[in-house]
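Quick notes on the structure that follows.
We did not get these values from a lab; they are worked out from the coordinates using the rules stated. Quantities reported herein were computed from a predicted structural model and do not represent experimental measurements. Here the Cβ positions follow ideal geometry from the backbone for every residue, glycine too, while neighbour counts run over all protein chains shown.
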Amino acid sequence: MPDKIPGADTTLTNILMKLKIPFVSRLAVLAIAGTAFCIANRASAEDPDKQMNNNTTQKTNPSGVPDSTVDNPHLAKKPVASASTKLDPKDKEFISKAASGGMMEVEMGQAAEKQGKSEAVKNIGRMMVTDHTKANKELMSISKKKGLDVGKPTSIPGFGGDRQYLAQMVSDHQEDAKLFEQEAKNGKDADLKAFAAKTLPVIQHHLAMVKAANAKAK
């Protein structure tokens, strides 16, 4: 009976021979070892990703950034500027003033609608609430997209009577008309320019209405 087994691992065969294991038993041991070796090779071939991950463990430097990123500046993350930082200061100022003025017009309009003596003042107050609420929603949507958080006005004048309200509305809408006209002509942000140009005629209409009512007020 031969001492060596054709095709078997020589080292393993020698060990089995030294242990004086019968030839048949040696065949069984070598067959099991060969099967295990084949299975291991097949698993390694079927899952190359695991082998690649095991062989390419990424090292980090003391700063905690992967070496590959540090060595290659093109892979380094750059800080992304927020939309608000890209806005021109004048555009930011427009948003702040227009939003504050619009919210004030709504609250004062609600007071005029409830407390006004004349029907003209009540109607103007209702008009202010409707038109400025609509404009405010659109401006808030734009400002949110630009990354700006618009706060409420710190103080709003109380309703002091029809004449005081109308005089206040004349003054406020004169300033608003200048603000919106300036933004429509010279604004740097396209969305804000379009909003200002669309809303300006509404403000000019308000100004004409309050001027006429103020002239008739007693």
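Tabulated data
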read-out	value
S155 vs. criteria over 16 Å from L87 (Cα atoms) and not in a helix (DSSP H, G or I)	yes
Count of region 84-108 residues which are in a loop (DSSP other than H, G, I, E, B) and among the basic types (K, R)	0
Residue check, E113 in contact with a Lys or Arg (Cβ under 7 Å, 6 or more places away or on another chain) and under 14 Å from K97 (Cβ atoms)	no
Counted residues, region 109-128 - those being over 39 Å from the mean Cα position of the chain (by Cα), of a type outside the set (D, E) and in a helix (DSSP H, G or I)	6
Residues of region 184-216 classified as surrounded by 16 or more Cβ atoms within 10 Å (Cβ to Cβ) and more than 40 Å from the chain's Cα centre (by Cα), total	4
